[in-house]
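One structure is given here, and the rest of the page talks about it.
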Amino acid sequence: MIKSSVNFASMMSGTLESLSGLGEDGSSIGSDSEINGLAVRRTDKYGFLGGTQYSEGSDKDIRVDVARQRELKWLDMFNNWDKWVSRRFQKVKLRCRKGIPSSLRAKAWQLLSNSKELLDSNPGKFEELEREQGDPKWLDIIEKDLHRQFPFHEMFAARGGHGQQDLYRVLKAYTVYRPEEGYCQAQAPVAAVLLMHMPAEHAFWCLVQICETYLPGYYSAGLEAIQLDGEIFFSLLRRVCPMAYRHLKKFKIDPILYMTEWFMCVFSRTLPWSCVLRVWDMFFCEGVKIVFRVGLVLLKQMLGSVDKLREVQGMYETMERLRNIPPESVREDLLVQEVVSLAVTEALIERECSIQVRKWRESRGELTHQPVRRLHGTRDIHEHKRRASAISSGGSFSFLGSIPPPGPLRASSSLKKMDKEKKRTWKQKTPRSGMRERKGEGLLYSAS
Amino acid sequence: MGSDEAYNFVFKVVLIGESGVGKSNLLSRFTKNEFNHDSRTTIGVEFSTRTIQLKSLIIKAQIWDTAGLERYRAITSAYYRGAVGALLVYDITKHLTYESVERWLKELYDHADPHIVVMLVGNKTDLGSERSVPTEDAKDFAEKNGLLFLETSALESTNVETAFQNVLGEIHRKVSSKEVTRGSISAVSLSSPVPRAAGDPEEKKPCCRNL
């Protein structure tokens, strides 16, 4: 008996040893990584076992005392969050641009996106959504996608492992929460990034904020919002980097051919991981503007000089370059620096948006989903929340993001009235079949 | 990158079919001889190229792969533009993916060139014990609709090469028999007799200018 247990132990250690060298065959990773609950396989510091987003050890870590200082500053902000956002937002923004300390990132994202408040004001809601059966149409697709998100990340590598289970819980809960929206494949990587940082329930509310406040319409049927942003993006490129613009135009490369994944996944599948985190830090604080800017910086980088263009003379060559951005060409600090200094403001994006909406209507008719005004990051969300609570004198309304959902979480009556009035002005002229209007959507319709 | 390769024709081929049937793995098997159990979901468009020899001709196949989820169909018109061939893929173990074939076919003919060469592909023959779509059913359907037909396994590399070769061969046959005239299919570059052919007017190859 004793002997056999010794044998077992030595066998186990043998197994672990043989696992510790990352297999030559990358495809076997993931099938069994959960047996190494002891993290025997070497991951990079972000949990990647391999793949294109694996970080070689060359990343320079910031000094310990600097890191500690930053943590203290953030902890101080957490303690007086509302005040910081309303009175010293520039400082908050600056600190997000410097990068949020990894130990505090999860909490910071939830405060920046206001998902913390959704979580707190809806106790038990997530469990309730989980208990619902869900639409098999969506559950089927979600199940098929579980093992196809960051297969090289330790959390999602194992089939049926806890990462994939949580992913299922979050994505399913969303389809129950918004049955009219259902599931869109690009939501999975977004949810997965959140799950790398926080528990499922927190990730769920954060996902809600991304889908409804930061990037409304991105994951909705018809994908009109993403197509519109493609047009806006292309037109901004004309200002920012005419050379890249002319090149893409010359080879008739539609924005949707390269920016769909960038925008819908907020670059989580495109950039080296250290960059992904920095981009998400800024994105949560400043909103979609950051997504546009990162995309523009990448195009500048890939197609911004005669030399670079010489290598990609052709539609396919260009597409290939844009779909496989060499990680060494994107340096974290340089990327952030360029993103920060790019003169693409919220106002510019909004102005371009109205132009593109008008063009869309002229050339393609009415939009199926009316464009919803997105909130440009933390301050905008905060401001909106303040206004909403001022209107809601009843006090029963708690800010719920962009779209007060049907059912028990509905907006107060005064808001609904406002809602109705706005809706009238936005009434669709030619609604397509199968269209459903969501209650409360009018709240955020752009007034311009 | 292949931009300076010599070739006689460029054929654009699209992969379509429901999510999870193995489109991306068919693509990677054909262009890179790779298979990935946990390949990432395709969001938007992916594509890859491979140059093959067909008799005395060199053909560059540009194969486009797209997300199968219904939602993405809204953005696929750019994807069909210029396609001269299509592999319409279903999973032989998932009958639902076969049932949607007709819908995909309609989608294809709505957006692509009417002369497009289409092959119906039943993938995942390695999972034969779980088969739910009989070969004969699919074969009959393909015949009735004038489609080529093959069953493949991207995992075991069965028939993948043949599937693409047959589609490319059929495209070439159509083009050279003048069933399709130049211009009706924009991505086809009918070469001059000089082997190192430039592309069509829309897509100038760099070989003559920037090397």
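Quick note: the coordinates plus some simple rules give every number you see, no bench work behind them. A quick note: this is a predicted structure, and the numbers were derived from the prediction, not measured. Counting neighbours? That spans all protein chains shown, and the Cβs are built from the backbone with ideal geometry, glycine included.
Structure notes:
- Taking a ≥ b ≥ c as the square roots of the eigenvalues of the Cα gyration tensor, segment A:224-382 is classed as oblate, since a/c reaches at least 1.5 and a/b does not exceed b/c.
- What the phi angles of segment B:161-172 give under the Karplus curve with 6.51, -1.76 and 1.60, with θ = phi - 60°, is a coupling list of 4, 4, 4, 5, 4, 5, 5, 5, x, 5, 4, 4 Hz, glycine and proline written as x.
- Per-residue shielding of A:137-145, expressed as the average number of other chain Cβ atoms within 10 Å of the residue Cβ, stands at 3.
- Between A:Gln165 and A:Arg87, the modelled labels are 4.6 nm apart [label points 7 Å from Cα along Cα→Cβ].
- Under a 5 Å amide H cut-off, with hydrogens placed 1.01 Å from N, B:Gly17 pairs with B:Val89 among residues at least 5 apart or on other chains.
- For segment A:290-331 versus segment B:20-48, the spacing of their alpha-carbon centroids is 23 Å.
- Couplings for segment A:236-249, taken from phi via the Karplus curve 6.51 cos²θ - 1.76 cosθ + 1.60 with θ = phi - 60°, read 5, 4, 4, 6, 7, 8, x, 5, 5, 4, 5, 4, 5, 5 Hz in order; Gly and Pro are left as x.
- Span from the segment A:138-173 Cα centroid across to the segment A:57-129 one, whole angstrom: 26
- 5 angstrom amide H check on B:Ala67, placed H, neighbours 5+ away: B:Gly44
- Taking the charge dipole of segment A:197-339 about its Cα centre, with +1 at Lys and Arg Cβ atoms and -1 at Asp and Glu Cβ atoms, the residue from A:Tyr214, A:Val312, A:Pro199 reaching farthest to the positive side is A:Val312.
- Among the trypsin sites (Lys or Arg not before Pro) within segment A:170-276, those in coil by DSSP and having at most 15 neighbouring Cβ atoms inside 10 Å are A:Lys252.
- Of the cross-linked pairs A:Lys172/B:Lys23; A:Lys308/B:Lys12; A:Lys252/B:Lys144; B:Lys124/B:Lys174; A:Lys252/B:Lys174, those separated by over 32 Å at the C-alpha level are A:Lys252/B:Lys144.
- All C-alpha pair distances within segment A:57-145, sorted into 10 Å bins from zero, spread as 13, 32, 23, 19, 11, 0 percent across the bins.
- Remark: relative contact order (segment B:2-193) = 26 percent; criterion is Cα-Cα distance under 8 angstrom and separation of 6 or more residues.
- Estimated vicinal HN-Hα couplings, Hz - segment B:55-70 in sequence order (Karplus 6.51, -1.76, 1.60; Gly, Pro = x): 6, 9, 9, 9, 10, 9, 9, 10, 10, 9, 10, 9, 5, x, 4, 2
- Neighbouring partner chain Cβ atoms per residue of A:240-252, average, 10 Å criterion: 1
- The amide H of B:Leu54, built 1.01 Å from its N in the peptide plane, has B:Ile59 as neighbours under 5 Å, considering only residues 5 or more places off or on other chains.
- Beta bridges per DSSP with both ends in segment B:2-193, % antiparallel, nearest 5: 30
- For segment B:50-131, applying the loop criterion from DSSP together with a ceiling of 12 other beta carbons within 10 Å to the trypsin sites (Lys or Arg not before Pro) yields B:Lys55.
- Ratio of the Cα radius of gyration of segment B:2-193 to 2.2 N^0.38 Å, where N counts its residues: 0.97
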